[in-house]
Amino acid sequence: MKKGESIVIRRDVIKQMVKEEIKCLELLLEKVQESLKYAPKGKLRVKYCKGYPQYYNRIDGYDKNGTYICKKKKELAYALAQKEYDISVLALATNYKRNLEQFLKIIDIEEESNILAIYENLSNDRKKLVTPYILTDEQFIKAWQNVEYKGNSFSFGTQEIYTEKGERVRSKSEKILADKFYMMNIPYRYEYPLKLKGNRIVYPDFTLLNTRTRKEYYLEHCGLMDEENYFENTLKKLRLYHKNGIYEGDKLLLTYETKNLTIDMKDLENMIARYLK
């Protein structure tokens, strides 16, 4: 951890993940319980004869051998094996679900020992003397947006286009994107330098921040996809991202445009809702 870097403890994210895990366990338990309704009586015993398995049904717990299951009734062996598997899954999944529910109760308790609250409860004078290890969302966003950097330079004579924030961008489409992010309170950096393998520097059109998860995304606006050279250069850049483990839908977001097809704003809003909210 670098000096001055904030540690992120996202209790809300953890809670959501735990709740989703509990839902999955509930579906699993429902399926297992339904299967057990139709399970036959008894317990499967497997005996090997000349290297081949033979199956027996031990209906009575005191019967160590059980009743032989002939080939015609092999479905019974499948059902008994499934039953034992279901019982084991039921026990472990039930215990797992119980532990997760108990965990949720623990982290739902608003204790005075809440690490974040320790700093928040300090007087203003003391806050000035203390460097917190954990930042609130507001503090984190402010620090993220206030990072100083040098973006990609503009060529002499390039058209000057400015966003609502007063930042210079390279195209009207990028202004539309920047203004949309600004309007929807999506923190962004325009052409923030990204260091890749081999000390190679690229400048994604936008680096975006999901304020809920604090995850960063890189957005590239592909604005001239009907031009052959531009299309080829775009593919090269995407391959460069891929070689560095940056893929579409994970950390890389893309918007497209041609001379006849402008940015689909509804599609952009859906993308924002999915990745950035």
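The values are calculated or read from the model by the stated rules, or taken from the named source; none is laboratory data. All figures in this text were calculated on a predicted structure; none of them were measured in a lab. So basically every Cβ, Gly included, is an ideal-geometry build from the backbone, and we count neighbours across all protein chains shown. Protein only, heavy atoms only, side chains kept; ligands, DNA and RNA dropped before computing areas. Shrake-Rupley method; radii C 1.70, N 1.55, O 1.52, S 1.80 Å.
General observations
- Per-pair calculated FRET efficiency, R0 = 25 Å: THR213 and ASN99 via Cβ, rounded to 0.05: 0.55
- Between LEU27, LEU177, LEU129, the residue with the greatest mean-square fluctuation in the GNM of the chain (Cα pairs under 10 Å linked by springs) is LEU129.
- Near LYS127: Cβ cut-off under 14 Å, other residues only, Lys/Arg at +1 and Asp/Glu at -1. The net charge is -1.
- Theoretical ellipticity at 222 nm over the chain - DSSP helices of four or more residues, -39500 (n - 2.57) apiece, nearest 500: -14000 deg cm²/dmol
- Each other residue within a Cβ distance under 11 Å of GLY245 adds +1 if Lys or Arg and -1 if Asp or Glu, for a net charge of +2.
- Checking (1) 137; (2) 120; (3) 292 against volume of the Cα convex hull per residue in Å³ calculated from these atoms, the matching label is (3).
- With Cα atoms, 0 to 90° folded angle of helix 74-108 axis to the chain main axis: 50 degrees
- Annotation: the antiparallel percentage among DSSP beta bridges lying fully within the chain is about 75.
- Exposure ranking of CYS222, CYS24, CYS49 by accessible area [1.4 Å probe, largest first]: CYS24, CYS49, CYS222
- Accessible surface of the stretch 7-85, 1.4 Å probe, proportion on carbon and sulfur as whole %: 55 percent
- Annotation: extensible slack from ILE118 through PHE156 equals 8.5 nm (criterion: 0.36 nm per residue apart, minus Cα-Cα distance).
- Local electrostatic count, THR158, Cβ distance below 11 Å [Lys/Arg +1, Asp/Glu -1]: +1
- Difference of contour (0.36 nm per residue) and Cα-Cα distance, ASP179 to ASP226: 14.4 nm
- Distance in nm between pseudo-label sites at TYR38 and ILE134 (7 Å out along the Cβ direction from Cα): 4.9 nm
- Residue-normalised accessible area of the stretch 5-98, expressed per residue, 1.4 Å probe, Å²: 78 Å²
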